[in-house]
Every structure is written in C-alpha cells, then in structure tokens.
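Trainee: Here you go, one structure.
We did not get these values from a lab; they are worked out from the coordinates using the rules stated. The structure presented is a predicted model; accordingly, all values stated were derived computationally and were not measured. Using ideal geometry, Cβ is built from the backbone for each residue, glycine included, and neighbour counts are taken over all protein chains shown.
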Amino acid sequence: MTTKRKVAWVISSLALAFVLMAGPQTVARDLRVGNSALPAQTAAASQEVALTVNASQSKVNYTLDTTLHTVHGTFALKRGTIRIEPGGNASGEIVADATSGQSGDSGRDKKMHKDVLESAKYTEVVFRPDRVDGKFPANGAVSVQMHGKFVLHGSEHELTVPVKGEISGDRWNGTATLKIPYVEWGLKSPSNFILKADPVVEVELELAGTVAPH
C-alpha cells in the first residue's frame with residue numbers, strides 16, 4: 001500500500017469512527033427538531049376559530065325587486081357568535097332584529113312588519129351554522145361556504161351561505177350573501193293589483209367583530 005493510500009485509509013477510518021460515535025445523537029436531535037416543528041405547523045393551520053359579532057359595526061342589507069322600483073332596506077343585528085372547529089364543524093348563531101327593518105318608506109315598512117314578517121310575533125331572524133366547507137384560517141383571507149339553519153317567521157330552513165372576509169389579529173370582518181325565497185317559505189307576498197314583488201329577496205350581511213382568544 002502506498003503512502004497516499006495509507007493516509008486516505010486512515011482519514012476514512014477516523015471519519016467513519018466519528019460518524020458512528022456522533023451519529024445517533026445527531027440523528028435523534030434532528031428527529032426531535034423535525035417532529036416538534038410539524039405539530040406546531042399543523043396546529044396553526046387547524047386550530048379552532050371563535051368569532052364574536054360586534055352588532056354596532058354590523059348590519060343586514062336587503063334588496064327586493066318590484067315592477068315599479070327596487071326596494072333597498074336594512075335590519076339591525078342583535079348579537080352573534082361563530083365557532084369553527086378544525087374538522088369543519090361549526091356552532092353559534094347570528095341574530096337580526098326583525099322589528100328593526102326599514103326601507104325609508106313608513107307605509108311600506110308598516111305593511112312589511114304587519115303582513116309579511118309579523119315581526120311583533122316573530123321578533124328575530126336567526127342563522128345557526130353547523131358546517132363550514134373551505135379553508136377557514138386563524139389569520140388571513142377567508143372564502144368559504146357556510147351551511148346551517150335559517151330561522152325566519154318561526155320556521156327553520158337549511159341554507160348554504162357563501163362567506164368572504166378577513167381575519168387580522170384579534171379583529172375580523174366579512175360579508176355573506178344569500179337569496180331568501182320568502183314566499184316559498186310561507187311568508188305573504190307584498191304584491192297587490194298595481195305592484196308585483198319578486199318572491200325572492202336578496203340579503204347581504206356586513207359583519208365585523210373580534211376573534212376570541214384560545
């Protein structure tokens with residue numbers, strides 16, 4: 001064996017001995033680092049999200065087409081909480097004050113409350129989510145389909161609502177749009193021999209609030 005080959009063999013032997021002595025601890029340390037980082041990332045992407053609605057910063061807008069004009073109006077929100085679990089299950093409720101509805105025309109509003117909504121008897125309109133389809137991050141942009149039960153005029157109906165919004169720190173805001181076939185659901189149409197109203201009303205929720213700490 002030449003001198004160069006002897007030197008190379010000695011170096012290789014020393015390197016192998018170092019790996020055999022230091023390798024197990026190094027590998028174990030690397031596995032600990034890798035395993036500790038992975039659960040943290042998973043938890044950040046799948047943790048429970050709890051939202052509270054600020055009623056003073058939120059409202060319900062509605063639009064109803066008729067043969068004479070398009071009616072625009074609002075309802076006030078009373079309260080709201082939404083909780084989304086990692087698997088997509090949801091709970092809570094968003095509650096609007098049925099008695100607060102107004103369109104800027106006192107006569108039309110009186111008819112709406114007395115004949116259509118019967119708001120003196122059915123004072124609240126409620127949406128109770130039970131499932132969310134789509135990514136609902138703990139922070140960032142939100143674009144999901146929220147399924148749940150919509151309670152109107154004392155009756156419960158299944159509904160899927162598209163929701164878009166943004167979560168930033170401990171604040172959030174969003175919009176939800178839906179179409180309510182109120183006549184199909186048993187409410188009286190405001191139509192008369194002069195005016196014909198669309199049997200479907202378009203509703204938009206403008207929501208804002210806080211994110212509850214975990």
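Trainee: Residues with beta-carbon under 12 Å from that of residue 61, excluding residue 61: net charge, scoring Lys, Arg +1 and Asp, Glu -1? List each step's numbers first, then the result.
Mentor: Numbers: positive: 59; negative: 202, 204, 206.
Within the 12 Å Cβ shell, the charges total -2.
Trainee: All other residues with a Cβ under 14 Å from the Cβ of residue 213 taken together, and with Lys, Arg as +1 and Asp, Glu as -1, what is their net charge? Mind dumping the intermediate values first?
Mentor: Values: positive: 83, 171; negative: 48, 170.
Neighbour charge sum, excluding residue 213 itself: 0.
Trainee: What length, rounded to one decimal in nm, is gained on full extension from residue 177 through to residue 160, with 0.36 nm per residue of separation minus their alpha-carbon distance?
Mentor: Details: separation 17, 0.36 × 17 = 6.12 nm, distance 0.98 nm.
Result for the pair: 5.1 nm of gain on full extension.
Trainee: Next question. Report the trypsin sites (Lys or Arg not before Pro) located in segment 47-135 that are in a DSSP loop and have at most 16 other Cβ atoms inside 10 Å of their Cβ, or state none. Walk me through the intermediate numbers first.
Mentor: Working: sites: 59, 78, 79, 83, 108, 110, 111, 114, 121, 131, 135; in loops: 121, 135.
Filter output for segment 47-135: 121, 135.
Trainee: A further question on this structure: With a cut-off of at most 12 other beta carbons within 10 Å, and DSSP calling the residue loop, which chymotrypsin sites (Phe, Trp or Tyr not before Pro) in segment 131-214 qualify? Please list them. It would help to have the intermediate numbers written out before the result.
Mentor: Numbers: sites: 150, 172, 182, 185, 193; in loops: 182, 185, 193.
For chymotrypsin sites (Phe, Trp or Tyr not before Pro) across segment 131-214 that sit outside H, G, I, E and B with at most 12 neighbouring Cβ atoms in 10 Å, the list reads 193.
Trainee: Using the Kirkwood radius over Cα pairs, work out the Stokes-Einstein diffusion coefficient for segment 73-190 at 25 °C and 0.890 mPa s, in µm²/s as a whole number. Kindly include the intermediate steps, with their values, before the conclusion.
Mentor: On the way: Rh = 15.5 Å.
Translational diffusion coefficient: 158 µm²/s.
Trainee: Sticking with this one: Could you pull the Rg and Dmax for segment 55-127, using just the Cα atoms, both in Å?
Mentor: 14.9, 48
Trainee: Hey, got the dipole for segment 94-210? About the Cα centre, +1 on K and R Cβ, -1 on D and E Cβ, debye to the nearest 20?
Mentor: On the way: 14 positive and 17 negative charges, 33 e Å.
Dipole size: approximately 160 debye.
Trainee: Please list 3J(HN,Hα) in residue order for segment 159-176, calculated via the Karplus relation 6.51 cos²θ - 1.76 cosθ + 1.60 where θ = phi - 60°; whole Hz, with x for glycine and proline.
Mentor: Ordered by residue, 3J(HN,Hα) equals 8, 10, 10, x, 10, 10, x, 8, 10, 9, x, 9, 10, 8, 8, x, 10, 10 Hz.
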